[in-house]
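The values are calculated or read from the model by the stated rules, or taken from the named source; none is laboratory data. Quantities reported herein were computed from a predicted structural model and do not represent experimental measurements. Please note: Cβ atoms are built from the backbone with ideal geometry, for glycine as well, and neighbour counts cover all protein chains shown.
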Ligand code: G1P
Ligand code: ZN
């Protein structure tokens, strides 16, 4: 199908690939799928066709370093040149984290950015690869735009690509491909400079110098070079503070998803007598975070709430926060702090895009999800290392151990016990039957008492965006027991095989004698109640969840 290499610019005919279901979370497929001839090119050309703003403007390109990253980046650069992009900014070695891409887009007033990543999905020749597209505000392209791009992939018949030489991704500097300027930049520097504006580096350096210990696990993914530069070179943490900081194309065979399963070694370390004061991990593309202190795991919902309570102590947030947002299944700990501070707390559907409108409109400063995502107004993606630095700064400014900060927080605001149970790879109809079964009981539930709690509401969550007026429906089922507890059920929108059913359990306790339960003990009555209400085992044949986080 390919014509001989005669012209610097080629128009290559191709067929559509019907499986390129490009959505707001991008496209994730096995590496082998992306390696098919013209496959990536089809998708990229569809993006160039649907986003004419890229012509004559800057495009940022980066990736999480996984297998196929470099090949994909060369293709993207060659196609950007053939499609009239004026300038490409690409990270050295092809490495740029998702939040750093978001920042680069905003800093350099780029028209968009491409991130080659499948987030925390395993990498390597047999692993996954992925493409995400971010727009000029630094956030992921919205649904209208990704729908248009997807539609284009189904009708596309040709793409344009430059025949020029490959770019040396390892050497920083400026070169030219046809009419396009290509600059290989240090993918860490601008991000590190942003962190220096937000946080008190002097104070953190002094804290580390006094013996404050940190352990940060990059899980052989993108944050290694960021952690090396910021934590070690700029903040003076000893090199052994970093684990797995060398990005590897197969992530070392691991699963870079920072949670209590895949980063259990940090939990184990935190429970030893010699635990560092702060232990943390980030995921494949650097947007997720997990936070622990000596003897304490800070759940993402607690992390959001506690950050909200302390953020004004950090230089970049000294004027306080305008508001907070959390995704609906995320526990309501942030709501309690927001009420205390007298700022609004928005409840949005799952997914970062709903936060971006609120951030752009300055309605919120801070936002987060239960799925180990936390972020602020500084970029339009969740930001793993940002959360780690925010916590480090809080430890340095308060001089208190994380465990004490958590206890004090719970004493003041009460504690939300929280857990998520995932049932993976269910047949779609079986997963749907669980939701239908619960929905059928909605009318009868309010006023009934289950497990000692009285149902105050049972509904399907819908969201009216206060900025653009759009309405998102069918965003998960909730059974609410006043402030005391919630049970949430929804289907994952990101799974790649079958349907993933997610159950979320939340219990709120304010009395002093109930602040130190184990999460399992605290949530057991709610789990028992959910068994009866949802009949997951009966309807799906599954005896237990696949993943509990
Ligand atoms: C999951 C998380 C959600 C997050 C998304 C992208 O989506 O639950 O919070 O925004 O991944 O990282 P889900 O599979 O639940 O639709
Ligand atoms: Zn990620």
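Some notes on this structure:
- Considering residues of the range 325-370 that are in contact with a helix residue (DSSP H, G or I) (Cβ under 7 Å, 6 or more places away or on another chain) and assigned to a loop (DSSP other than H, G, I, E, B) only, the residue farthest from ligand 1 (Cβ to nearest atom): 344
- Residues of the range 386-439 classified as away from ligand 1 (no atom under 16 Å from the Cβ) and either touching a helix residue (DSSP H, G or I) at 6+ places or on another chain (Cβ under 9 Å) or farther than 22 Å from residue 371 by Cα (or both), total: 37
- Test: residue in the range 482-489 that is without any contact (Cβ under 8 Å) to a residue 40 or more places away in the chain, under 30 Å from residue 28 (Cα atoms) and either under 25 Å from the mean Cα position of the chain (by Cα) or surrounded by fewer than 17 Cβ atoms within 10 Å (Cβ to Cβ) (or both): no
- Whenever a residue of the range 171-195 is at positive phi, its partners that are modelled with pLDDT of 95 or more and surrounded by 14 or more Cβ atoms within 10 Å (Cβ to Cβ), lying with C-beta atoms within less than 8 angstrom and at least six residues away or across chains, give the pairs 173/183; 173/184; 178/81; 178/82; 178/162.
- Among residues of the range 502-514 being more than 10 Å from ligand 1 (Cβ to nearest atom) and in a strand (DSSP E or B), the one that is farthest from residue 25 (Cα to Cα) is 509.
- Condition check for residue 378: away from ligand 2 (no atom under 16 Å from the Cβ), over 22 Å from residue 223 (Cβ atoms), surrounded by fewer than 24 Cβ atoms within 10 Å (Cβ to Cβ) and at pLDDT 95 or above: no
- Qualifying residues in the range 474-496 (those that are within 12 Å of ligand 1 (Cβ to nearest atom) and not in a strand (DSSP E or B)) - the one nearest to residue 457 (Cα to Cα): 476
- Strands (runs of 3 or more DSSP E) fully within the range 113-177 counting 1 or more residues that are within 17 Å of residue 64 (Cβ to Cβ) and within 16 Å of ligand 2 (Cβ to nearest atom): 128-135
- Every residue from the range 35-48 that is in contact (Cβ under 8 Å) with a residue 24 or more places away in the chain and either over 18 Å from residue 152 (Cβ atoms) or out of contact with any strand residue (DSSP E or B) (no Cβ under 9 Å at 6 or more places or on another chain) (or both): 35, 37
- Residue match in the range 302-312 (condition: surrounded by fewer than 21 Cβ atoms within 10 Å (Cβ to Cβ) and either out of contact with any strand residue (DSSP E or B) (no Cβ under 8 Å at 6 or more places or on another chain) or in contact (Cβ under 8 Å) with a residue 24 or more places away in the chain (or both)): yes
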